[in-house]
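This report refers to the structure that appears directly beneath it.
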Amino acid sequence: MAIKSMFDDPQELFAFCFALRDNGKGDQAIALAKQALAESPDNPEMRAVTRMLLTDKVHGFHRPMLADTPRNDAYLAMINRHASGRRILDIGTGSGLLAMMAVRAGAEHVYACEVNPNKADMARDIIAQNGMSDKITLLNAYSLDLDRERDLGGGVDAVLSEVFAANIFGEGLIPSLKHAQKNLVKPSAIFLPPKVSLMAALAEYDLTAPVGEVAGFDLSLLEQRLSYHAMINPNDALQYQRGDAASLVDIEFLPDTPIASRHRTTTNLTSSGGRVSGVLYWMRIEFGDGIHYENQPGGDRILHWAVRFEPFAEPRDTRAGEAVNVGCAHNSNEVLIWDAGAA
């Protein structure tokens, strides 16, 4: 009597692999999915199951991100200037693109860190396909869990990162770089990119109609709990801008200067006149040597980071040239923006 294997039953494999993933054994789940696909390449149900397993949490934003030519060109120019001869830690390697750029630019060795098991496995395969496995060590871990001696051979000369959210902070940028600065680098190591700014301008933008009565019930209190910020394509955002842009927050990543986990400030934003209902804000990354990337309003649709809109508690009518005092505070993961009153 033949012994039944989970490779004979796609749904059994599906359930078992997701149980492995949920118990912190995602690498084992990936290995089983690859084995099943190799053994049953012509079984359409098995192909569907293994595709689900191998794409889990490998988000679709990689497509527009990798198609963002200005972003890729800026990173490439910076890496070409600074990678040669250095041992580099790439935090959040994703597809492995930046790590491979660094190797091609002459890096001595790159440690590519990626916590998601599927992304780590994907990057490992891509790196091997491009013949760079001997120059790139793939680490399936949080950078916060890395050890200078155990994982990085005594430390690195440069930290390369692209863990920027649309609000800069939401993907763990500050904790990752603070930890690297203190625990993972050699003296005088450099950070690539070295500076990022949160840019902003006054705006008039109408959110969707507020929730009120639904099916005869009063649901208006829901408005007190709903998130108000909006994400807008940079190309579309310009029509809502009502004044010149200014920086709300500037963060420099320097080898010997502690990175602040929290910051609070106010900035005068000048209106071009008319109704102002909130603030558009976006990111400017400085790569050094005059190279920068900015997903500002009016930018190309190819830019993959969106412009965000944060509404004021109440709209206000403004005169051309009038300044509005805008408050901004951030911690390691979030940004708060508010109308701080007339300048």
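If you go through the stretch 186-230 and pick out every residue that is aliphatic (A, V, I, L, M), open to solvent by less than 50 Å² (accessible area, probe 1.4 Å), touching a strand residue (DSSP E or B) at 6+ places or on another chain (Cβ under 8 Å) and in a loop (DSSP other than H, G, I, E, B), you end up with 0.
Of all residues in the stretch 296-325, those being acidic (Asp, Glu), open to solvent by 50 Å² or more (accessible area, probe 1.4 Å) and part of a loop (DSSP other than H, G, I, E, B) number 1.
Only a single criterion out of (1) assigned to a helix (DSSP H, G or I); (2) modelled with pLDDT under 90 is not satisfied by Ile79, namely (2). The set of residues in the stretch 235-249 being loosely packed, with under 15 Cβ neighbours inside 10 Å and modelled with pLDDT under 95 consists of Asp236 alone.
So is Pro258 in contact (Cβ under 8 Å) with a residue 12 or more places away in the chain, surrounded by fewer than 16 Cβ atoms within 10 Å (Cβ to Cβ) and farther than 22 Å from Gly278 by Cβ or not? When the stated conditions are applied, Pro258 passes them.
Exactly one residue among Arg81, Arg148 is open to solvent by 20 Å² or more (accessible area, probe 1.4 Å) and either within 13 Å of Ala158 (Cβ to Cβ) or among the hydroxyl-bearing types (Ser, Thr, Tyr) (or both), and that residue is Arg81. Each residue in the stretch 261-277 was checked for being in contact with a Pro (Cβ under 6 Å, 6 or more places away or on another chain), open to solvent by less than 60 Å² (accessible area, probe 1.4 Å) and of a type outside the set (Ser, Thr, Tyr), and 0 pass. Report the residue count in the stretch 186-199 for those that are touching a Leu at 6+ places or on another chain (Cβ under 8 Å), under 18 Å from Leu146 (Cβ atoms) and among the aliphatic types (A, V, I, L, M). So the count comes out to 1.
Listed here are the residues, each with its yes/no results for (1) free of Cβ contacts under 8 Å to residues at least 40 places away in the same chain; (2) in contact with a strand residue (DSSP E or B) (Cβ under 7 Å, 6 or more places away or on another chain); (3) more than 30 Å from Trp305 (Cα to Cα); (4) open to solvent by 30 Å² or more (accessible area, probe 1.4 Å).
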residue: Ala29; (1), (2), (3), (4): no, no, yes, no
residue: Leu37; (1), (2), (3), (4): yes, no, yes, yes
residue: Asn43; (1), (2), (3), (4): yes, no, yes, yes
residue: Gly92; (1), (2), (3), (4): no, yes, no, yes
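Residues checked against (1) hydrophobic (A, V, I, L, M, F, W, C); (2) closer than 20 Å to Gln28 by Cα; (3) in a loop (DSSP other than H, G, I, E, B); (4) touching a Phe, Trp or Tyr at 6+ places or on another chain (Cβ under 8 Å):
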position: Met132; (1), (2), (3), (4): yes, no, yes, no
position: Ala141; (1), (2), (3), (4): yes, yes, yes, no
position: Asp151; (1), (2), (3), (4): no, no, no, yes
position: Gly170; (1), (2), (3), (4): no, no, yes, no
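Considering every residue within the stretch 285-294, establish whether at least one is touching an Asp or Glu at 6+ places or on another chain (Cβ under 9 Å), within 18 Å of Asn235 (Cα to Cα) and open to solvent by less than 60 Å² (accessible area, probe 1.4 Å). Within the stretch 285-294, one or more residues are touching an Asp or Glu at 6+ places or on another chain (Cβ under 9 Å), within 18 Å of Asn235 (Cα to Cα) and open to solvent by less than 60 Å² (accessible area, probe 1.4 Å). Residues in the stretch 1-35 that are in a helix (DSSP H, G or I) and of a type in the set (D, E, K, R) were compared, and the one that is modelled with the lowest pLDDT is Asp8.
The single residue among Ala112, Ala123, Ala102 that is in contact (Cβ under 8 Å) with a residue 40 or more places away in the chain, open to solvent by less than 20 Å² (accessible area, probe 1.4 Å) and either within 23 Å of Phe164 (Cα to Cα) or not in a loop (DSSP other than H, G, I, E, B) (or both) turns out to be Ala102. The residue of the stretch 60-77 that is farthest from Ser161 (Cα to Cα), among those that are of a type in the set (A, V, I, L, M) and free of Cβ contacts under 8 Å to residues at least 40 places away in the same chain, is Leu66.
The values are calculated or read from the model by the stated rules, or taken from the named source; none is laboratory data. Fair warning: this is a prediction, and the values are worked out from it, not measured in the lab. A quick note on method: Cβ atoms are made from the backbone with ideal geometry, for glycine too, and the neighbour counts reach across all protein chains shown. The protein model used for the area step is the full one, side chains on, heavy atoms only, and it has no ligands, DNA or RNA in it. Shrake-Rupley method; radii C 1.70, N 1.55, O 1.52, S 1.80 Å.
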